[in-house]
């Protein structure tokens, strides 16, 4: 033991995602009686997780199934645990021939064709040249959900730590928000940063008055707030931008689908199906079912702009989730 | 529940020892009916017909007074028997065998345990723990060994449980959960029997795990005391009263201590006379030190705990505010040192951070310290007045200040796998030297402002481990604790990941990833014997005698952290084949070998 944290960049190993065999286009095999195998995280509320009935649920799960339906093929979902970085999630898995490490998934038949919820970012893409990352379906951005009674009304986009000095701030431990608050701003927010095991737990602390604000990706904040069917008090949400000295740190990014390069047929079919699902409103509807006011991919990683907002408190798209859409690992005690 | 100490001096007479054992508890039977007592464990190193404790005695010296196998006879060492770890679960055999009453007790990867006839290798019973999905051992599925006490064999599992089985049948007598495996905890070390208590730590450093040392009644598994190793957390005294570890927020800011890490994931040693348990703690969490300014006590530290109640008697922190994942779990080996004309109750530790420390084990005072690997660049040395490292400033930069797509890169030595990892050194009473299974490697660390983790942007660091030399990573070093001079060294192409054994026969035994169990001369390092076991040796050799013959046994079965985390070390070891065997050796023909003398 001993290596328990940090990003290990140099793990040897082959690909998570399957590649086309030399002679056959993967999409033809899938259409010809096969199935589309899609990888999703199994611990990523609200996008993909183990539900209350021990089945996979979440935005990405429903979207993956909708993709299959649009393509007219069967979908095999493959849930896996997150590693230290998404690069290693893509790359560290073993191929179908090797199985000599407990930590790598063994694919008895074949590796997945697609992986959901992969950032569309030129730097990330350049580091992972074996993969095509395309079919953007969401624009994610860093945000803060705050208690108006404690902090007053904050601007729609915040670019200074000043409103939060001396306030207890909830985060999910060891996420970007945690590093933001504990490493940045000369440590001025470090002492009042409070770790939680999930964004849902951090939002519960906010509703209980234990913290004044919660920082996290907007989609996760929306869904976490929507998980509570009844709330009192008044909460606002603002975007975070230009908080760091360097513009290299991302505060907004598009989300898409990854596949092994060299499958033009598969790529074209998935891109078209996703465009159709966006066009006919299916994607926005799926996100809304989880409380997230959807916004489409923008094609770049900069600029936050105004938050898209639904009708619920702090702009969430609904209050209270269907029981089948709640994640087992993060369900608040006493609900659902 | 009241526990009375059994304090027997290692040099004490048999009669006083018996009296003390009888006083210890009404349940302890001091007569020789086969059960293992604290007394026997305390005196393990004095007896050559058994190995009743991890470390071959509570001092963890791994030294035997046996000399039938010696420099002259070792050439006649041949296999007596072998036992396969079986099935598809052969990888990662780090166990140390225990031998008692003609029976050998070994553990295997994937939380398994066996009793074997020590003479023939026939299996007497096996225990295979049913592991749930979702266990999270960071660094392979290994297990390092069991403890024996009374009529029980006790070991810990990857899903963070302690399991005690009947020594005769292997049937479960009790099972207790140490911690929640779903929250990232596991267990791979060998537990310690001290003060008639079962002492264990825990494993798991990420996502909020906090290190803790726990004492249990070995007969029932009932918790007697517990001591979290991060300040501000509440421990339990015997009787149930709470007591805080250290002073909250003394060396941690804000609430960072709540998820402070520090898991004591390797075992401890014990001084029965002082009644102190010595155990090392792991690195603080998270890895990024900019999130947690301060010394972060008691992480990366050696702790001396009062075996009666678990209170911290003294501590010595080897890496304050650890930013390199050096961790501090390495074993403290107890020995007597001639220092300024006096015999001092001393102890030594070869730390992952590359320094060899000699401490007074009564009070934790630093007596001496020096590098035991050639390449250390995070600190120039250790200030003998303050006991603190003299840092060079070679810390990774703050990711929040990073410029460019990859911030500035830092090369740190040793690498995070350490100048020495878990595998234990040995102290030879014959030569007065420590034999340290060391590794020379470095790591490059760089910031990654643009990175993603589980579907979201993240600010992290990347690091990769790599060799320093073309021809070696591992180096077995013989170190004099008086002068801190290296008497000799034996290089090895790949990292050393096996424990070391020394004997009165003038021999040092250790294994290599190349598959060899080796015997070298304890004065010159000259190789006198080796045997190819068929897979990498990451186990722990021990020796004992039975019916007038000296036996040596070691587990072979490549695995552990190197193949998982080895970075650019990977190509050096990728050819090593899987296997899993317990190999036991004795002299082929004692008379013929003796005649050659």
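The values are calculated or read from the model by the stated rules, or taken from the named source; none is laboratory data. Small disclaimer: the values here were computed from a predicted structure and weren't measured. Heads up, the Cβs are rebuilt from the backbone with ideal geometry, glycines too, and the neighbour counts pull from every protein chain shown.
List of remarks:
- Among residues of segment A:163-187, those that are over 17 Å from residue B:286 (Cα atoms) and either buried (at least 23 other Cβ atoms within 10 Å of the Cβ) or modelled with pLDDT of 90 or more (or both), counted: 7
- Per-region count, segment B:506-547, residues out of contact with any strand residue (DSSP E or B) (no Cβ under 6 Å at 6 or more places or on another chain) and buried (at least 24 other Cβ atoms within 10 Å of the Cβ): 3
- Hey, residue B:552 surrounded by fewer than 19 Cβ atoms within 10 Å (Cβ to Cβ) and either out of contact with any helix residue (DSSP H, G or I) (no Cβ under 9 Å at 6 or more places or on another chain) or in a loop (DSSP other than H, G, I, E, B) (or both) or not: no
- Filter result for residue B:438 (surrounded by 24 or more Cβ atoms within 10 Å (Cβ to Cβ) and either within 13 Å of chain A (Cβ to nearest Cβ) or in contact with a helix residue (DSSP H, G or I) (Cβ under 7 Å, 6 or more places away or on another chain) (or both)): no
- Flag for residue B:49 being at pLDDT 95 or above, surrounded by fewer than 19 Cβ atoms within 10 Å (Cβ to Cβ) and part of a loop (DSSP other than H, G, I, E, B): yes
- Scanning segment B:43-59 for residues that are farther than 21 Å from residue B:108 by Cα and touching a strand residue (DSSP E or B) at 6+ places or on another chain (Cβ under 6 Å) returns B:48, B:49, B:58, B:59.
- Verdict on residue B:430 being surrounded by fewer than 24 Cβ atoms within 10 Å (Cβ to Cβ) and touching a helix residue (DSSP H, G or I) at 6+ places or on another chain (Cβ under 7 Å): no
- Leading residue by the ranking (nearest to the other protein chains (Cβ to nearest Cβ)) among those in segment B:383-402 that are surrounded by fewer than 16 Cβ atoms within 10 Å (Cβ to Cβ) and part of a strand (DSSP E or B): B:391
- Complete set of residues in segment B:261-280 that are in a loop (DSSP other than H, G, I, E, B) and within 12 Å of chain A (Cβ to nearest Cβ): B:262, B:263, B:264, B:265, B:266
- One residue from B:136, B:186, B:126, B:120 being modelled with pLDDT under 95 and surrounded by fewer than 22 Cβ atoms within 10 Å (Cβ to Cβ): B:136
- Qualifying residue in segment B:472-488 (condition: away from chain A (no Cβ under 14 Å), at positive phi, modelled with pLDDT of 95 or more and surrounded by fewer than 24 Cβ atoms within 10 Å (Cβ to Cβ)): yes
- Candidates B:167, B:216, B:227, B:173, filtered to the one that is surrounded by fewer than 19 Cβ atoms within 10 Å (Cβ to Cβ), in contact with a strand residue (DSSP E or B) (Cβ under 7 Å, 6 or more places away or on another chain) and at pLDDT 95 or above: B:173
- Scanning segment A:65-88 for residues that are in a helix (DSSP H, G or I) and within 14 Å of another protein chain (Cβ to nearest Cβ) gives A:86, A:87, A:88.
- Here residue A:193 qualifies as surrounded by 17 or more Cβ atoms within 10 Å (Cβ to Cβ) and within 14 Å of chain B (Cβ to nearest Cβ).
- Candidates are the residues of segment A:118-144 that are farther than 20 Å from residue A:295 by Cβ and assigned to a loop (DSSP other than H, G, I, E, B); the one that is nearest to the chain's Cα centre (by Cα) is A:128.
- Condition met for residue A:291 (crowded, with 22+ Cβ neighbours inside 10 Å and within 23 Å of residue A:274 (Cβ to Cβ)): yes
- Being part of a helix (DSSP H, G or I), farther than 10 Å from residue A:170 by Cα and within 12 Å of chain B (Cβ to nearest Cβ) is a property that residue A:220 has.
Yes/no matrix, rows are residues, columns are (1) out of contact with any helix residue (DSSP H, G or I) (no Cβ under 8 Å at 6 or more places or on another chain); (2) touching a residue at least 60 places away in the same chain (Cβ under 8 Å); (3) within 14 Å of chain A (Cβ to nearest Cβ):
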residue: B:497; (1), (2), (3): no, yes, yes
residue: B:528; (1), (2), (3): no, yes, no
residue: B:540; (1), (2), (3): yes, yes, no
residue: B:557; (1), (2), (3): yes, yes, yes
residue: B:567; (1), (2), (3): yes, yes, yes
residue: B:570; (1), (2), (3): no, no, yes
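- Residues that are without any contact (Cβ under 8 Å) to a residue 60 or more places away in the chain, part of a loop (DSSP other than H, G, I, E, B) and buried (at least 18 other Cβ atoms within 10 Å of the Cβ), drawn from segment B:364-382: B:376, B:378
- Residues in segment B:139-151 that are in a strand (DSSP E or B) and surrounded by 24 or more Cβ atoms within 10 Å (Cβ to Cβ): B:145, B:147, B:148, B:149.
- Within the set B:250, B:256, the sole residue that is facing chain A (nearest Cβ under 10 Å) and either closer than 30 Å to residue B:397 by Cβ or crowded, with 24+ Cβ neighbours inside 10 Å (or both) turns out to be B:256.
- Conditions (1) more than 14 Å from chain A (Cβ to nearest Cβ); (2) farther than 21 Å from residue A:191 by Cα; number of the one not met by residue B:204: (1)
- Note on segment B:260-275: residues that are at negative phi and crowded, with 23+ Cβ neighbours inside 10 Å total 11.
- Counted residues, segment A:148-162 - those being touching a helix residue (DSSP H, G or I) at 6+ places or on another chain (Cβ under 7 Å) and surrounded by fewer than 14 Cβ atoms within 10 Å (Cβ to Cβ): 0
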